[in-house]
Amino acid sequence: MKLPRQIEIIEVCPRDGFQNIDQFIETEDKIEIVKNLIDTGFRRIEITSFVSPKYVPQMRDAIEVCKAVRNYISGRGVNLIALIPNRRGFETAITSGVDEINYVVSVSEWHNMKNVGRTTEESMEDFKRIATDKGSKKLRISLATTFGCPFGDEIKSERLMELAISSLEYGADEILLADTFGLANPVLVERILSALLKKIDADKLCLHMHDTCGGGLANILTAMQYGIFKFESASGGLGGCPFAPGASGNIPTEDLLYMINGMGIKTGIDFNRLINVVFLISKRVNTPITSHLWAMSECLRH
Ligand code: ZN
């Protein structure tokens with residue numbers, strides 16, 4: 001089996017994991033969780049999103065969280081990431097002290113309309129303008145619903161390719177292929193990656209897979225065999241999109257790390273510390289932990 005010697009795991013629990021939780025998580029708890037996650041060894045972490053507090057009230061303290069964590073990571077080589085859906089989010093992100101901006105657009109017209117209230121084309125036009133103003137920030141683009149959308153339109157591979165190529169031409173530094181609804185399977189991952197990799201280098205791609213149907217780790221294993229080495233996951237398996245009904249959490253970081261460690265692939269993340277952070281999340285956040293490891297986590301805790 002052809003596998004990378006090292007992969008990068010980008011932690012997204014503080015953004016994707018928290019955004020869907022109704023009960024407001026206290027700002028100081030969010031900050032404590034993010035700091036603890038950073039101490040496990042993550043070098044890139046998505047800590048919040050700059051979205052309308054009317055639609056996603058959980059993220060209303062985005063600026064405060066950024067400021068507090070910014071001071072904590074000073075000089076430690078950690079990149080903070082924030083998600084934005086539009087120009088307004090971009091303006092705030094620029095002044096908030098994050099290092100990377102993650103712009104979201106859906107391949108599915110239906111989902112883009114639900115998620116950001118405009119057509120995919122309108123979102124791409126906005127992205128093009130943002131890319132010219134990004135300055136020193138690293139700009140990523142999340143192609144949501146890359147692997148399918150159970151509502152509305154079918155995802156066409158030509159359309160996906162077109163959006164990916166345009167993103168790079170406009171100035172994206174990295175493309176996230178997001179399985180927003182968790183519908184992918186290894187054959188679909190293979191089909192999409194083999195097409196994209198004909199035109200795009202593997203180091204420009206990162207996978208963001210939800211685990212709705214339980215295929216998450218199998219999909220990552222397939223992607224690694226295609227040379228992909230950047231993956232997003234969320235501690236505790238938290239996550240879901242407020243505008244993706246039925247979609248469950250991300251791949252739990254602890255499950256992913258357990259598999260990756262067992263395969264002898266390096267990540268730079270401390271497994272025992274991570275388990276302790278999942279315990280911290282379970283205490284501070286009013287939502288179930290859904291990882292496979294959670295059932296035996298008492299035994300793993302140090
Ligand atoms: Zn997600």
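The values are calculated or read from the model by the stated rules, or taken from the named source; none is laboratory data. It should be emphasised that the depicted structure is a prediction, and the values quoted were computed from it without experimental measurement. FYI the Cβ positions are ideal-geometry reconstructions off the backbone, even for glycines, and counts take in every protein chain you see. Quick note on the areas: whole protein, heavy atoms, side chains included, nothing else; ligands and nucleic acids left out. Shrake-Rupley method; radii C 1.70, N 1.55, O 1.52, S 1.80 Å.
Which is the longest part of the chain that has none of the chymotrypsin sites (Phe, Trp or Tyr not before Pro) sitting in a DSSP loop with at most 15 other Cβ atoms within 10 Å? Before the final figure, lay out each step's value.
Numbers: sites that count: F24, Y55, F151.
In short, 152-302.
Can you find, among G89, I21, S194, the residue sitting farthest towards the positive end of the charge dipole of region 8-301, where Lys and Arg contribute +1 and Asp and Glu -1 at Cβ?
Sorting the options by dipole projection puts first G89.
Using a Gaussian network model of the chain whose springs link C-alpha atoms within less than 10 Å, name the residue from P288, P85, P186 with the highest mean-square fluctuation.
Highest fluctuation among the options: P288.
Quick one: compute a quarter of the convex hull surface over the Cα atoms of the chain and quote it in nm².
Numbers: hull surface 56.4 nm².
That works out to 14.1 nm².
Just to make sure I understand: if all protein chains stay in place, what is the order of E46, E28 by accessible area at 1.4 Å, largest first? Please report the intermediate quantities before stating the final value.
Working: E46 0, E28 135 Å².
If we order E46, E28 from most to least accessible, we get E28, E46.
Starting from the amide H of G97, placed 1.01 Å from N in the peptide plane, find each other amide H under 5 Å away whose residue is 5 or more places distant or on another chain.
none
Return the carbon/sulfur percentage of the accessible area of region 8-301, one whole number, probe 1.4 Å, all protein chains in place.
Numbers: 5780 of 11700 Å².
Here it works out to 49 percent.
Leaving out ligands and nucleic acids, note down the accessible area per residue over the chain with a 1.4 angstrom probe, in whole Å². Mind dumping the intermediate values first?
Working: 12580 Å² over 302 residues.
In whole numbers, the chain has 42 Å² accessible per residue.
Show me, for region 228-238, the HN-Hα J-couplings you get by feeding each phi into the Karplus relation (A = 6.51, B = -1.76, C = 1.60, θ = phi - 60°), rounded to Hz, glycine and proline as x.
6, 9, 10, 9, 9, 7, 10, 4, x, x, 6
Counting other C-beta atoms within 10 Å, and keeping those with at most 12, which DSSP coil GluC sites (Glu not before Pro) do you find in region 153-217? Walk me through the numbers before you get to the answer.
Details: sites: E154, E158, E162, E169, E174, E190; in loops: E154.
Loop-located and lightly packed - E154.
Please identify, among R76, R129, R273, the residue showing maximal mean-square fluctuation in a Gaussian network model of the chain using a 10 angstrom Cα cutoff.
Maximum fluctuation in the GNM of the chain, among the listed residues, is at R76.
Amide H of D179: which non-local residues (sequence gap of 5 or more, or other chain) have their own amide H closer than 5 Å, using H built in the peptide plane?
Those lying under 5 Å, H to H, from D179 are H208, M209, H210.
When only DSSP loop residues count, what trypsin sites (Lys or Arg not before Pro) in region 179-235 have their Cβ near at most 14 other Cβ atoms within 10 Å?
Values: sites: R191, K198, K199, K204, K230; in loops: K198, K199.
Taking region 179-235 and a limit of 14 other Cβ atoms within 10 Å, the loop trypsin sites (Lys or Arg not before Pro) found are K198, K199.
Name the residue, out of N286, N112, N250, whose mean-square fluctuation peaks in a Gaussian network model built on the chain with Cα pairs under 10 Å.
Of the options given, N286 has the highest mean-square fluctuation.
Which links in K128/K199; K114/K156; K30/K134; K2/K35 stretch past 29 Å when you go from one Cα to the other? Mind dumping the intermediate values first?
Details: K128/K199 20 Å; K114/K156 19 Å; K30/K134 27 Å; K2/K35 35 Å.
Exceeds cut-off: K2/K35.
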